[in-house]
Amino acid sequence: MRLSSSLTAGILFLTLAVAAPPPPPPADADGWASLFDGKSLEGWKAAETPAAFKVEGGALVVGGAARGHLFYDGPVRDHDFKNFEFKAEVKVAPGSNSGIYFHTRFQHKGWPNDGFECQVNNTYKDPKKTGSLYGVKNVAASPVKDEEWFEYHIAVTGKRVVIKINGETTADFTQPDDYKPTGFPGRILSRGTFALQAHDPKSVAYYRSIRVKPLPD
């Protein structure tokens, strides 16, 4: 059977429409774009333990299962960032550990090899507490309490990383030209996506209002 040109064009249009990725959400007047819709894991990709990630009450719940990482895989800047500001509202259950990675990339299992981790830990046994640039600029005492929402702000410009918790600077690091990371050779400033860490079955953290403001490279 020979299809008419109009029918063929219609089929092609529908095929392209289905295959095309969703457009990124519009940025607000100040340049901030949302990475989380508050309803689903759309735009995120789970590794190692998908059961460690779910959405409840408008928040992204991370943890309560074996180790895993949830990587941003959505349309904003095609999930590739170099210079940026990142903000999220975070709440941590007692004795829990989590983290926010940047300049990382998807990997199927293990602790991310690439990028830096910004620590989320108020009362877990690890001495590196909330607001630390993990293993680089460490915070000995958490500036916030368990079970209370707080703002996590990460800014990267060039070779400088600044972390603020509720508007107060907790870590300020400028990567030297001869910087050599220990343990993970890929933990250097470069570019990449974000990831949220599910640390262990007893740790639970909550994330909402996750957004980014891309800055010029």
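The values are calculated or read from the model by the stated rules, or taken from the named source; none is laboratory data. Keep in mind that this is a model prediction, so the values were computed, not measured. With ideal geometry, Cβ positions are generated from the backbone for all residues, glycine too; neighbour counts draw on all protein chains shown.
Could you figure out which of (1) closer than 27 Å to Ala27 by Cβ; (2) at pLDDT 95 or above isn't true of Asp200?
Tallying (1) closer than 27 Å to Ala27 by Cβ; (2) at pLDDT 95 or above, Asp200 fails exactly one: (1).
Select from region 23-59 the residues that are aliphatic (A, V, I, L, M), buried (at least 17 other Cβ atoms within 10 Å of the Cβ) and closer than 19 Å to Asn83 by Cα and list them in ascending order.
Those that are aliphatic (A, V, I, L, M), buried (at least 17 other Cβ atoms within 10 Å of the Cβ) and closer than 19 Å to Asn83 by Cα: Ala33, Leu35.
Within region 25-49, work out how many residues are in a loop (DSSP other than H, G, I, E, B), hydroxyl-bearing (Ser, Thr, Tyr) and touching a residue at least 60 places away in the same chain (Cβ under 8 Å).
Of the residues in region 25-49, the ones in a loop (DSSP other than H, G, I, E, B) are 25-32, 35-43, 48-49.
Add one more test, that the residue is hydroxyl-bearing (Ser, Thr, Tyr), and what stays is 40, 49.
Going one step further and asking which of them are touching a residue at least 60 places away in the same chain (Cβ under 8 Å), we end up with 49.
Residues in region 25-49 being in a loop (DSSP other than H, G, I, E, B), hydroxyl-bearing (Ser, Thr, Tyr) and touching a residue at least 60 places away in the same chain (Cβ under 8 Å): 1 in total.
Looking at the structure I just gave you, is Lys54 within 13 Å of the chain's Cα centre (by Cα) and at pLDDT 95 or above?
Details: within 13 Å of the chain's Cα centre (by Cα): no; at pLDDT 95 or above: yes.
Judged against the criteria, Lys54 is not a match.
Looking at region 153-164, which of its residues are within 15 Å of Ala88 (Cα to Cα), surrounded by fewer than 22 Cβ atoms within 10 Å (Cβ to Cβ) and without any contact (Cβ under 8 Å) to a residue 60 or more places away in the chain?
Listed by number, the residues that qualify are Val162, Lys164.
Considering only residues of region 167-217 that are touching a Pro at 6+ places or on another chain (Cβ under 9 Å) and not small (Gly, Ala, Ser), which is surrounded by the fewest Cβ atoms within 10 Å (Cβ to Cβ)?
Let us first name the residues in region 167-217 that are touching a Pro at 6+ places or on another chain (Cβ under 9 Å), namely 168, 170, 184, 186-188, 195, 197.
If we keep only those that are not small (Gly, Ala, Ser) too, we end up with 168, 170, 184, 187-188, 197.
On the way: Glu168: 11, Thr170: 24, Phe184: 15, Arg187: 23, Ile188: 15, Gln197: 25.
Filtering region 167-217 for residues that are touching a Pro at 6+ places or on another chain (Cβ under 9 Å) and not small (Gly, Ala, Ser), the one surrounded by the fewest Cβ atoms within 10 Å (Cβ to Cβ) comes out as Glu168.
Give, as residue ranges, the strands (runs of 3 or more DSSP E) completely inside region 82-159 that count at least 1 residues that are closer than 16 Å to Ala198 by Cα and either out of contact with any strand residue (DSSP E or B) (no Cβ under 8 Å at 6 or more places or on another chain) or at pLDDT 95 or above (or both). Give the steps one after another, and end with the answer.
Values: elements: 84-92, 98-104, 116-120, 150-157.
The strands (runs of 3 or more DSSP E) meeting that bar are 84-92, 98-104, 116-120.
Determine whether region 192-212 contains at least one residue that is among the charged types (D, E, K, R), part of a strand (DSSP E or B), within 20 Å of the chain's Cα centre (by Cα) and closer than 18 Å to Glu147 by Cα.
Among the residues of region 192-212, at least one is among the charged types (D, E, K, R), part of a strand (DSSP E or B), within 20 Å of the chain's Cα centre (by Cα) and closer than 18 Å to Glu147 by Cα, which makes the answer yes.
Looking only at region 64-81, filter to residues that are in contact with a strand residue (DSSP E or B) (Cβ under 6 Å, 6 or more places away or on another chain) and small (Gly, Ala, Ser); which one of those is modelled with the highest pLDDT?
Gly68
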